[in-house]
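Student: Starting off with a structure, shown below.
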Amino acid sequence: MVVTVNLLDDLHARLKQITEAEHRSANATIVVAIEEYVARHSKRPKVRGLAADVTERHRELLDRLAQ
C-alpha cells in the first residue's frame with residue numbers, strides 16, 4: 001500500500017534528525033512509528049476491561065478509600 005503524508009516543516013525536520021541518527025529511511029521510521037501506535041492502541045480495550053473488572057471486584061474498598 002502506498003500512502004502520501006503531508007508533514008509540517010518542523011515535523012519533517014525532526015523526522016529527518018531521527019532517521020539520520022538511526023541510519024534508516026523515513027519510510028522505515030514512519031512504519032515503526034505506526035506499528036508502535038497500533039500496538040499501543042490495540043491494548044486499550046483490554047486495559048479498560050481489566051480496569052472495569054478490578055473496579056467491580058474491589059468496589060467496596062475503593063468507595064472506602066474515596067471517603
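The values are calculated or read from the model by the stated rules, or taken from the named source; none is laboratory data. These numbers come from a predicted model, not from an experiment. Note: areas computed on protein heavy atoms with side chains; ligands, DNA, RNA excluded. Shrake-Rupley method; radii C 1.70, N 1.55, O 1.52, S 1.80 Å.
Student: Go through the stretch 35-55 and report how many residues are open to solvent by 100 Å² or more (accessible area, probe 1.4 Å), at pLDDT 90 or above and not hydroxyl-bearing (Ser, Thr, Tyr).
Tutor: Total meeting the criteria: 2.
Student: Sticking with this one: Filter the stretch 4-57 down to the residues that are in a helix (DSSP H, G or I) and of a type in the set (Ser, Thr, Tyr) and list them by number.
Tutor: Of everything in the stretch 4-57, those that are in a helix (DSSP H, G or I) and of a type in the set (Ser, Thr, Tyr) turn out to be THR19, THR29, TYR37, SER42, THR55.
Student: Next question. Residues being within 30 Å of VAL3 (Cα to Cα) and β-branched (Val, Ile, Thr): count how many of those fall in the stretch 34-64.
Tutor: Of the residues in that region, 2 qualify.
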